[in-house]
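S.K.: Questions regarding the structure given below will be posed in turn.
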């Protein structure tokens, strides 16, 4: 899931300005492409070396991810998206909980489950919020020594 133009225009306000403007020296990799690569890694939990080529070099995406993590970019995005969803009534914080249970599915269980017909598609804000709050994201966002 790559960011649409609307999503990018909303999120780009959190990217440091120097990374969006051309400057002297070697140009930075496109911030939108890099952010799409970071989101792909956080959603899939795949190792950086498995990043698809369309997102650029894994080392570049990882380095920018680390830079943005230290700058607090992801924390600001997470806070603003959560606040936006909460104000719209699509995120009820009184019902949040942590569940540590694990229930394995039987082989072929996905084939027998019918999707609910009346279920609304998730908003892009909620999908990004979930990606940033995934276990792999928290592990990656944890401060390093």
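S.K.: Of the residues in the range 78-130, how many are within 21 Å of residue 15 (Cβ to Cβ) and at pLDDT below 65?
M.R.: Residues flagged as within 21 Å of residue 15 (Cβ to Cβ) and at pLDDT below 65 within the range 78-130 amount to 0.
S.K.: Mind counting the residues in the range 52-77 that are more than 20 Å from residue 8 (Cα to Cα) and either surrounded by 15 or more Cβ atoms within 10 Å (Cβ to Cβ) or at pLDDT below 90 (or both)?
M.R.: Residues in the range 52-77 being more than 20 Å from residue 8 (Cα to Cα) and either surrounded by 15 or more Cβ atoms within 10 Å (Cβ to Cβ) or at pLDDT below 90 (or both): 1 in total.
S.K.: Could you check the range 1-39 and list, in sequence order, the residues that are surrounded by 11 or more Cβ atoms within 10 Å (Cβ to Cβ), outside any helix (DSSP H, G or I) and over 18 Å from the mean Cα position of the chain (by Cα)?
M.R.: Of everything in the range 1-39, those that are surrounded by 11 or more Cβ atoms within 10 Å (Cβ to Cβ), outside any helix (DSSP H, G or I) and over 18 Å from the mean Cα position of the chain (by Cα) turn out to be 20, 28, 29.
S.K.: Could you identify the single residue in 85, 91, 78, 42 that is out of contact with any strand residue (DSSP E or B) (no Cβ under 6 Å at 6 or more places or on another chain), touching a residue at least 12 places away in the same chain (Cβ under 8 Å) and not in a helix (DSSP H, G or I)?
M.R.: Details: 85 fails: not in a helix (DSSP H, G or I); 78 fails: not in a helix (DSSP H, G or I); 42 fails: not in a helix (DSSP H, G or I).
After applying the criteria, what remains is 91.
The values are calculated or read from the model by the stated rules, or taken from the named source; none is laboratory data. Here the structure is a predicted model, which is why all the values come from computation and not from measurement. With ideal geometry, Cβ positions are generated from the backbone for all residues, glycine too; neighbour counts draw on all protein chains shown.
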